[in-house]
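Since the structure comes first, as structure tokens, the remarks are kept for the end.
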Amino acid sequence: MMTREEFKYKKRIVVKVGTSSLSYPNGRMNFHSIEKLAYVLSALRRRGIKIILVTSGAIGVGAGRLGLTEKPQDLSKKQALAAVGQAELMKIYQKFFEEYNQIVAQVLLTKDVVNIPSRNLHAKRTLNKLIDMEIIPIINENDTIATYEIEFGDNDSLSAIVASLVGADLLVMLSDIDGLYSADPRTENTGEIIHSVKEITPELEQLATGSGSSFSTGGMITKISAAKICLQEGIDCIITSGSDPAVIFDILEGKEIGTHFEARKEIIINHG
């Protein structure tokens, strides 16, 4: 059985940050949170941990840049906002990561990275080369050219797919809630956090709720779907609050934070 103490040995980690962790409820960017995230990930990279960041927020940033307070419903307008927001978002990330002498790279993915073997291979090679060069890839879905409204369904699933692509041993999803609860803590006072999940059952999926921000996509439902992908790939997954990105340090020290979806590891028995 996987114990939290073993997290200190994780060497290849995907961190997914959602729109709610990057911005305020009105859609304006939370620069303090982004600066803290850049500090934490840069520090982990200097420790020798290979880091990949999967980010949401392009549409929200684009909306904020244009003074909009609500997420549009029209697909072409979402794509236009993503085009504005993605450029702005990378500029912000570059600014803060440069303060810690950390080089980052933008990688935009579409669903064909999963469906087309050659593109899957090229994406895998590129990401591995970047992290071998001590560069942190910052990955988002290419919302601007996506023909389906959200090709991966959400960036939670994208983060799980990326974790599989790069052979990560841990996915940390930073959310607007500090884990999976037995009841929605925003509406129920009796809900208690579930710290460990060994199997995703239909009953567990029923506990999931929607997103808390008008600019967010998904919520706990999509995070559980992402966790399911991770468990199938033998990758441990943590869902926790992204209000303070330094929580990642605590996770890697083995502290009982968030909900841990425990990947089953194959046990090899030597009968020799």
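Bear in mind these aren't lab numbers, they're just calculated from the coordinates by the rules spelled out. The structure presented is a predicted model; accordingly, all values stated were derived computationally and were not measured. Because the Cβ atoms are built from the backbone with ideal geometry, glycine has one as well, and the counts that use them run over all protein chains shown.
Key figures
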| read-out | value |
| --- | --- |
| Over 20 Å (Cα to Cα) - which of LYS10/LYS50; LYS16/LYS223; LYS36/LYS228; LYS8/LYS50; LYS36/LYS95; LYS124/LYS198 fall in this group | LYS36/LYS228; LYS124/LYS198 |
| Cβ-Cβ FRET estimate between LYS129 and TYR100, R0 fixed at 22 Å, reported to 0.05 | 0.50 |
| Fewest-first ranking of PHE249, PHE96, using other Cβ atoms within 10 Å as the exposure measure | PHE249, PHE96 |
| About the Cα centre, charge dipole magnitude for the chain (Lys/Arg +1, Asp/Glu -1 at Cβ), debye | 920 debye |
| For segment 13-22, Karplus couplings with θ = phi - 60° (6.51, -1.76, 1.60), whole Hz, Gly/Pro x | 10, 9, 10, 10, 10, x, 4, 5, 8, 9 |
| Cα gyration tensor, segment 4-261 - rounded (a/c under 1.5), prolate or oblate | rounded |
| Amide H contacts of ASN142 (H built 1.01 Å from N, under 5 Å, at least 5 apart or other chain) | LEU109, THR110 |
| Linear extension gain, ASP74 paired with ILE200, 0.36 nm per residue minus alpha-carbon span | 42.0 nm |
| Distant-in-sequence amide H partners of VAL197 (H built 1.01 Å from N, under 5 Å) | HIS260, PHE261, GLU262 |
| Value at 222 nm in deg cm²/dmol, rounded to 500, when DSSP H runs of n ≥ 4 in the chain each add -39,500 (n - 2.57) | -12000 deg cm²/dmol |
| DSSP beta bridge pairing in the chain, given as percent antiparallel to the nearest 5 | 20 percent |
| Positive-end extreme of charge dipole, segment 4-261 - chosen from SER56, HIS122, TYR24 (charges on Cβ) | HIS122 |
